[in-house]
Ligand code: BGC
């Protein structure tokens, strides 16, 4: 409801002699800090903004550009430290608990969650991430899968190569493409993108148990062991498949290289699909998707955490936001634009493409066989300090001639020092 309309309602109510309680009439307001600024991301968040405005709310948008959200998280810290938190922030996994421990979050939306049966429609693993000491303090919008390869089918056909199903096949295809003068791997040299590729490689080369031991249990022997050396060997191979201008490139520009046929493959989470969709391209025709070689599934749940803010309008705003986010139709429309799949388990997927359907199927299968694993590169597996320590080593290795053995050793040491 706009301010003018609100005033009119107040005036009419007063004339009619109505008594109204101010909480019920407070105009819902939110200020939302997020980093969804690429074409596909912006289209997706617009679904939420439009729904919020249509429900009578006032939305203040605070986008902080930068894929993966590093810059947005820095902005958030500054806001909280200065005593002026946003009403909601796009946050994930263990960070939600970290901010809760700082006393910065509110569980005010728990009543909305109860009224709308969130426990009944969310997988327990996702619901648990959203709770602060048993009460909801965040609302999930989706499940992104990280371990994907995206490809341009025309480029593959020209080189006579297929979507790879093993890392050896990937390397063989990439060597062939390279020999024909085509960039095999579209990549943006930013540390979070290096980490995104690295975790997909680690899952494929090492397998589910290796991934769990290394990135969930933070087991020192696994972090510094022989399998990790092999993971870095494959990273070194990939370094040879990127173009000379990869450094600093944004992820969506790397996706654009696939669209334009300037490169064959990109290894990136399925927000890349949001870019393809936003460009009007069709999965299976204009671009291909396949899980990166390996048996597991790396998940990343985007959610909005609610900060402890003062003022009835803001509290009402948080409740409205939470309710809309978990709406069944919202979860469909938003995720069609975002490239992810709904967090709710009861949203039909027939309007979604084969990549999304594959994602939902694999998520289901892996949740039963131990292969459903949290993405460390996207803040789902561990605390920020440890994720930062690992990412530093991965980026250093990718951008230098550091040996695989030294990198694995540095990984184990880096994590140990960050604990
Ligand atoms: C987020 C996605 C986002 C991507 C690129 C990830 O960490 O989960 O929602 O699209 O970063 O910005």
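Observations
- DSSP bridge analysis restricted to the chain gives an antiparallel fraction near 55%, rounded to the nearest 5.
- Rg/Rh ratio calculated on Cα atoms of region 32-182 (Kirkwood radius): 1.11
- Region 81-151: Cα Rg divided by the 2.2 N^0.38 Å rule of thumb: 1.26
- Put in line by how crowded their Cβ is, counting other Cβ atoms within 10 Å and starting with the fewest, 37, 183 read 37, 183.
- Highest-fluctuation residue, 156, 320, 81 considered, GNM on the chain with Cα pairs under 10 Å: 81
- Gyration tensor verdict on region 21-103 (Cα atoms; rounded if a/c is under 1.5, prolate if a/b is larger than b/c, oblate otherwise): oblate
- Helical content alone sets the calculated 222 nm signal of the chain at -15500 deg cm²/dmol, taking -39,500 (n - 2.57) per DSSP H segment of four or more residues and averaging over every residue.
- Rounded to the nearest 0.05, the FRET efficiency derived from the C-beta distance between residue 295 and residue 216 at R0 = 22 Å is 0.85.
- Between the Cα long axis of helix 312-325 and the first principal axis of the chain there is an angle of about 50°, rounded to the nearest 10.
- GNM top mover of 194, 168, 270 - the chain, alpha-carbon springs below 10 Å: 168
- With distances taken between every two different alpha-carbon atoms, region 104-257 has a Kirkwood hydrodynamic radius of 18.5 Å.
- Calculated on alpha-carbon atoms, Rg and Dmax of region 301-340 in Å: 12.1, 35
- Difference of contour (0.36 nm per residue) and Cα-Cα distance, residue 53 to residue 97: 12.9 nm
- Highest-fluctuation residue, 142, 335, 117 considered, GNM on the chain with Cα pairs under 10 Å: 117
- Evaluated at q = 0.10 Å⁻¹, a Debye calculation over the C-alpha positions of region 264-419 (equal weights, vacuum) places log10 I(q)/I(0) at -0.53.
- Dividing the convex hull volume of the alpha carbon atoms of the chain by its residue count gives 140 Å³ per residue.
- Cα principal axis extents for region 108-147, largest first, Å: 35, 18, 15
- Principal-axis analysis of the Cα atoms of the chain puts helix 70-81 at an angle of about 40° to the longest axis.
- Rounded to 10°, Cα long-axis angle of helix 354-369 versus longest principal axis of the chain: 80
- A straight line joining the Cα centroids of region 219-270 and region 33-93 runs 28 Å.
Laboratory data are not the source of any read-out in this text; all were calculated from the coordinates shown. Everything quoted here is computed from the prediction, not taken from an experiment. Here Cβ is always computed from backbone atoms with ideal geometry, including for glycine, and neighbour counts include all displayed protein chains.
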